[in-house]
Amino acid sequence: MESKLIFEDKEIIIPGAKNSILPIIAASLLIRGKTEIKNVSKLEDIQNMLKIIIKLGVKVEFSNGNLLINASKINNLNPDSKLVKKLRASFLIFGPLLFRNKQVKIAKPGGCSIGSRKIDLHLKGLKSFSCSIEENDFIKGNLLNPVPVNLELDYPSVGATEHLISLATVVPGISKLSNAAIEPEVLDLVEFLKSAGANIKQKGTTFVIKGADLHSTSFTPIPDRIFTATWIVTALLKRKNIQLINFNYDLLGSFFETLKELGVLIEVNNGIINIICPKELKPFYIKTGSFPAFPTDIQPFMAVLACTIKGKSIIEETIFENRFAYVNELNKIGANIKIEGNRLIINYSKLTGGTVIGKDLRGTMALYLASLISSKPFIIKNKNYINRGYENFEVEL
Ligand code: UD1
């Protein structure tokens, strides 16, 4: 059964998680056969990822939310640099291509400029599979005889965990990856790989993976929790209620627990979550972190919500060092937010008109959410950032 949300009598199907689908598309290159992914929305990041693999010779059909990938043949091993630079997750094809061709050259990935976004953990992990790597403007890799790894990540990076788990599934022998990320999207990728025949066992933040041959599969990803949180914050900004159907509470557990501190009532009953907003919300403190801590991607929306709450709210960002670019933009239209190091101190304010500039996906969505509560219309430049993570958002919101 699909996951849905109901807001103001409108029923909206929650699309499959973008951050599950991108690593799944990359991992589909490990399969010399067909991969079907259901409930996929036409996001710019997904379309760009597909363009990258189509240019490699992979067959792709994408209609009505159904994505069919056939990576039986890969005949071009030079991923298009322009496309690769458009999104960070593009780098996740590096390991699978090395497995398929032993030698790969790829441009350094791009993505939202929310921090330095290094790839050192990916490269360190890949090297322990006995991959030799040369790094300048491009990353060149050579992987003749991969060996299984026993690796403890220095930091539980989501992307590095996904990259290394994916490669380990096809490397003969038993690999172990500890201090790994366990974000729901990482576990969803693991479920996908298992559905294709991978042998993966998880205990806490450790994964034990026995190399296997992967086969064709069909998979439905988890619902997009960041999309869902965007809608929940939309409802709360308007002090309205919202209902989720067939949505696993744990996907947004720390977010829901924070909302309770704001005074929001959350009723969970038989797969239905009722989020009931009081007239007045209380100020809050959040600190982002790796799962199960508060998700960094939701932090910008909470800053907008804090503008509508009397008292002082505090947001502490611990994942990305440059995720406050939207704050100066909000201040331009009347917000009262101070940046102190990696903390935001947010006081109640009335937002008015002006011009703001989007700098990254979630920050630009935060600016869009601000337009729902400002007393005057304002202009958002670079609003196209939002298309990376939301389909038809202007119509829907
Ligand atoms: C993924 C999500 C993104 C989310 C983030 C954290 C996708 C497509 N994107 O991004 O929406 O905000 O997880 O939940 O799934 N780092 C290094 N070296 C590395 C890798 C990462 O220093 O090799 C650092 C990054 O610069 C960052 C932190 O680790 O400061 C977290 O990054 P990571 O967990 O890898 O996030 P992404 O996979 O890029």
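State the number of residues belonging to segment 334-372 that are over 17 Å from ILE386 (Cβ atoms) and not small (Gly, Ala, Ser).
So the count comes out to 15.
Answer with yes or no whether ILE266 is touching a Leu at 6+ places or on another chain (Cβ under 6 Å) and without any contact (Cβ under 8 Å) to a residue 40 or more places away in the chain.
For ILE266, the condition - touching a Leu at 6+ places or on another chain (Cβ under 6 Å) and without any contact (Cβ under 8 Å) to a residue 40 or more places away in the chain - is not met.
So ILE379 passes all but one of these: (1) open to solvent by 10 Å² or more (accessible area, probe 1.4 Å); (2) within 16 Å of the ligand (Cβ to nearest atom). Which condition number does it fail?
(2)
Pairs please, first residue from segment 369-383 and closer than 16 Å to PRO300 by Cα, second anywhere and charged (D, E, K, R) and modelled with pLDDT of 95 or more, Cβ atoms under 7 Å, 6+ apart in sequence or on different chains.
LEU372/LYS238
Return yes when ARG388 is open to solvent by less than 40 Å² (accessible area, probe 1.4 Å) and in the same structural domain as LEU262 (by TED's automatic domain parsing) and no when it is not.
For ARG388, the condition - open to solvent by less than 40 Å² (accessible area, probe 1.4 Å) and in the same structural domain as LEU262 (by TED's automatic domain parsing) - is met.
On the given criteria, is LYS124 open to solvent by 40 Å² or more (accessible area, probe 1.4 Å), outside any loop (DSSP other than H, G, I, E, B) and more than 14 Å from the ligand (Cβ to nearest atom)?
Taking the combined requirement at face value, the residue does not satisfy it.
Residue-by-condition table, conditions (1) under 19 Å from the mean Cα position of the chain (by Cα); (2) of a type outside the set (Gly, Ala, Ser); (3) modelled with pLDDT of 95 or more:
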site: ILE314; (1), (2), (3): no, yes, yes
site: ASN322; (1), (2), (3): yes, yes, no
site: ILE345; (1), (2), (3): no, yes, yes
site: GLY363; (1), (2), (3): yes, no, yes
site: SER374; (1), (2), (3): no, no, no
site: ILE379; (1), (2), (3): no, yes, no
site: ASN387; (1), (2), (3): yes, yes, no
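When you look at GLU183, is it assigned by TED's automatic domain parsing to the domain that holds SER28, touching a Ser or Thr at 6+ places or on another chain (Cβ under 8 Å) and on the phi < 0 side of the Ramachandran plot, yes or no?
Values: assigned by TED's automatic domain parsing to the domain that holds SER28: yes; touching a Ser or Thr at 6+ places or on another chain (Cβ under 8 Å): yes; on the phi < 0 side of the Ramachandran plot: yes.
It is true that GLU183 is assigned by TED's automatic domain parsing to the domain that holds SER28, touching a Ser or Thr at 6+ places or on another chain (Cβ under 8 Å) and on the phi < 0 side of the Ramachandran plot.
For segment 62-108, give me each residue that is free of Cβ contacts under 8 Å to residues at least 60 places away in the same chain, within 16 Å of the ligand (Cβ to nearest atom) and open to solvent by 30 Å² or more (accessible area, probe 1.4 Å).
LYS85, LYS86, LYS108 - these are the residues of segment 62-108 that are free of Cβ contacts under 8 Å to residues at least 60 places away in the same chain, within 16 Å of the ligand (Cβ to nearest atom) and open to solvent by 30 Å² or more (accessible area, probe 1.4 Å).
Every residue, every condition in (1) outside the structural domain of ILE275 (by TED's automatic domain parsing); (2) within 29 Å of VAL171 (Cα to Cα); (3) away from the ligand (no atom under 16 Å from the Cβ); (4) in contact (Cβ under 8 Å) with a residue 40 or more places away in the chain, yes or no:
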residue	(1), (2), (3), (4)
MET1	yes, no, yes, yes
PHE7	yes, no, yes, yes
LYS10	yes, no, yes, no
LEU22	yes, yes, no, yes
ALA26	yes, yes, no, yes
LYS34	yes, yes, yes, yes
ILE37	yes, yes, no, yes
MET49	yes, yes, no, yes
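If you go through segment 350-377, how many residues are under 16 Å from LEU397 (Cβ atoms), touching a Lys or Arg at 6+ places or on another chain (Cβ under 9 Å) and of a type outside the set (Gly, Ala, Ser)?
Matching residues across segment 350-377 total 7.
What are the pairs with Cβ atoms under 6 angstrom where one residue, in segment 198-227, is of a type in the set (Ser, Thr, Tyr) and the other, located anywhere, is open to solvent by 60 Å² or more (accessible area, probe 1.4 Å) and modelled with pLDDT of 95 or more? Sequence gap at least six, or different chains.
SER216/LYS34; THR220/LYS38
The values are calculated or read from the model by the stated rules, or taken from the named source; none is laboratory data. Worth saying up front: this structure is predicted, and the values here are computed from it rather than measured. Glycine gets a Cβ as well: all are built from the backbone with ideal geometry, and neighbour counts include every protein chain shown. All accessible areas refer to the heavy atoms of the entire protein, side chains included, with ligands and DNA or RNA removed. Shrake-Rupley method; radii C 1.70, N 1.55, O 1.52, S 1.80 Å.
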